[in-house]
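J.: One structure, pasted below without further comment.
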Amino acid sequence: MSKEEKKVTKYSWGRSMLSTKFNKPMAIVSVSVLIICLILLGTFVLVSMNISSYLDRLGEANVVRVYPPYTATQSEVYDLKTTLESFENVASVRYVPKEEGAAEFREAYNEYGEIMDGFEENPLPDKFVLTLTDLTKASETVEKLQQVEGVEQVTWSADATRTIITIKRVLEIAGGAIVAILAVISAFIISNTIRASMQSRRLEIGIMRLVGAKNSFIRKPFIIEGLVIGVIGSAIAYGIEYLIYIYGMQKLIGSIEILKPIPFSEIALPLAGAFILVGVLTGVLGSIISVRKHLKV
Amino acid sequence: MIEFKDVSMRYNGKHGKKRALDGVTFTINDGEFVFITGESGAGKTTITKLMIHEETASSGEIIVNGFNLLKMKKREIPYLRRSMGIVFQDYKLIPTLTVFENVAFALRVTGAPVKFIRNRVPYMLDLVGLADKANVYPPELSGGEQQRVALARALVNNPSLLIADEPTGNLDPRLSTEMMYLLDKINEKGTTVVIMTHEKALVNAMQKRVIAIKDGVVISDKSGGYVI
């Protein structure tokens, strides 16, 4: 930034603050609309994040079991583990020897676990329990796993996985659509505010041109005004969203036993980032649209 | 220096093309004091707009302070305007800024240092006799005072050229004479002064070079009194 630009930018800030003061009602409307949009958006994102996290914890979905043949030797099992660990799309590999499998079974089925006592010898095979990085590629990965040498059988709950993938996809698409719609609405309202602000300062803009102001000098205060609206809007919306989550959603979700709400501390940063990003982008975009359309310089 | 060479200007009006200027040619050298006279509608305002590049001529060549106006790039316009000061009949002051800020405005636009502004603006206000009105808002001032604020703003950048379009249009005869005296003083300090006016008495009183325009054509260019 050149010396002239620095000085000019400093002055632009002052002028834009002044104008926000002059057009208080319009600025308040803009900030309010932005806040409402961000809260709707934030609430949706938080609800879908909780659903996603619940789905992930369902466990059954993201599990692929790989069974080596009964006859496999210790070293063959070891080799297979190495192969699986370096396999594409495999996030983790856990070896479950049959003794451990029996213990897990007993624990999972409580009193029915006694069924295991009816066997003289442990009937369960050794197995590998795999989790996947990308569930959407689950069926391809399973197909490839079946072709690996030293693999007897691969099992996975295809239906559950597919359902979860579908739900997640719907949430993503709906989320994207909501973000787009709300951002457009906010940008439109903000661009109207900036237009009103420019119209109330037509004389000033004309004089700026006459005394040799560059286009950037004339535009800057309005862009800054949009930015300020964006930042104030997203900061207030974030505060309100926090209260809604702590006192509303978390209690509501927590009241259903199997659902464990995500603690706010875990989502605080991404949420703040998203709010600032959406707020600033719509604010700046709204004013750029207005400046381009109505400020023929 | 201002050079107009065979400049024509046509507007697209309701009844076809309207000719505002036709083959206007004149040269104003540095340090001159020149009146451009004519009745309203003769083409004075068009000449002003062409000089400050608010409009572009249909044909011809215009050179102002070294800028070739028909060939220059859009982003050079601010630099052309910084090389000149402009005063209008309706003053064009910002009512929500103090007299000081109105004058400082022209400096802030160029990114001048705050310290320089703090020294330069009071000096200009003193020059136009408004040192005690720095913190007053324009609507509280008389017409003559407002025009002097506009003059201070036009001169604060120390331009080599001052263009005034009907600067005394809203002033009574006594204030008009005062304004002329002020402009003459500025001219004596080396600034080229170009004044568009249709006020006969003022032009006759000053006895300077007069370029007379009628129906978009230069009909006379000589020193002395009002021609038409």
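The values are calculated or read from the model by the stated rules, or taken from the named source; none is laboratory data. In this text, all values refer to a predicted model and were calculated from it rather than measured experimentally. Here Cβ is always computed from backbone atoms with ideal geometry, including for glycine, and neighbour counts include all displayed protein chains. Surface areas here come from the heavy atoms of the whole protein model, side chains and all, with no ligands, DNA or RNA. Shrake-Rupley method; radii C 1.70, N 1.55, O 1.52, S 1.80 Å.
J.: Taking the conditions exactly as written (under 28 Å from residue A:53 (Cβ atoms), open to solvent by less than 70 Å² (accessible area, probe 1.4 Å), assigned to a helix (DSSP H, G or I) and among the hydrophobic types (A, V, I, L, M, F, W, C)), does residue A:165 satisfy them or not?
T.: Criteria met by residue A:165.
J.: Here's a check for you: in segment B:71-89, which residue that is open to solvent by 60 Å² or more (accessible area, probe 1.4 Å) and more than 10 Å from chain A (Cβ to nearest Cβ) is modelled with the lowest pLDDT?
T.: B:89
Conditions tested, residue by residue: (1) at pLDDT 95 or above; (2) within 21 Å of residue B:186 (Cα to Cα); (3) more than 14 Å from every other protein chain (Cβ to nearest Cβ); (4) in a strand (DSSP E or B).
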{"position": "B:25", "(1), (2), (3), (4)": "yes, no, yes, yes"}
{"position": "B:30", "(1), (2), (3), (4)": "yes, yes, yes, no"}
{"position": "B:36", "(1), (2), (3), (4)": "yes, yes, yes, yes"}
{"position": "B:49", "(1), (2), (3), (4)": "no, no, no, no"}
{"position": "B:53", "(1), (2), (3), (4)": "no, no, no, no"}
{"position": "B:56", "(1), (2), (3), (4)": "no, no, yes, no"}
{"position": "B:94", "(1), (2), (3), (4)": "no, no, no, no"}
{"position": "B:105", "(1), (2), (3), (4)": "no, yes, no, no"}
{"position": "B:112", "(1), (2), (3), (4)": "no, no, no, no"}
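J.: Still on this model: Can you pull out every residue in segment A:111-158 that is of a type in the set (Lys, Arg) and not in a strand (DSSP E or B)?
T.: Within segment A:111-158, A:137, A:144 qualify.
J.: Additional query: Name the residue that is farthest from residue B:174 (Cα to Cα), counting only residues in segment B:113-157 that are in contact (Cβ under 8 Å) with a residue 40 or more places away in the chain and either touching a His at 6+ places or on another chain (Cβ under 6 Å) or open to solvent by 60 Å² or more (accessible area, probe 1.4 Å) (or both).
T.: Looking at the filtered set, the residue picked out is B:137.
J.: Separate question: Restricting to segment A:60-102, give me the number of residues that are free of Cβ contacts under 8 Å to residues at least 24 places away in the same chain and surrounded by 16 or more Cβ atoms within 10 Å (Cβ to Cβ).
T.: The qualifying residues number 1.
So that you can scan it fast, the table gives a plain yes or no per residue for (1) open to solvent by 20 Å² or more (accessible area, probe 1.4 Å); (2) within 30 Å of residue A:50 (Cα to Cα); (3) out of contact with any helix residue (DSSP H, G or I) (no Cβ under 8 Å at 6 or more places or on another chain):
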residue	(1), (2), (3)
A:154	no, no, no
A:157	yes, yes, no
A:175	no, yes, no
A:179	yes, yes, no
A:184	yes, yes, yes
A:188	yes, no, no
A:202	yes, no, yes
A:206	yes, no, yes
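J.: Inspect segment A:200-217 for any residue being touching a residue at least 60 places away in the same chain (Cβ under 8 Å) and more than 14 Å from chain B (Cβ to nearest Cβ) and give the result as yes or no.
T.: No; the residues of segment A:200-217 include none that is touching a residue at least 60 places away in the same chain (Cβ under 8 Å) and more than 14 Å from chain B (Cβ to nearest Cβ).
J.: Next up: Take the residues in segment B:1-21 that are touching a residue at least 12 places away in the same chain (Cβ under 8 Å) and over 16 Å from residue B:64 (Cα atoms), then tell me which one is most open to solvent (accessible area, probe 1.4 Å).
T.: B:19
J.: Restricting attention to segment B:172-187, which residues are within 17 Å of residue B:141 (Cα to Cα) and open to solvent by 20 Å² or more (accessible area, probe 1.4 Å)?
T.: B:172, B:174, B:175, B:178
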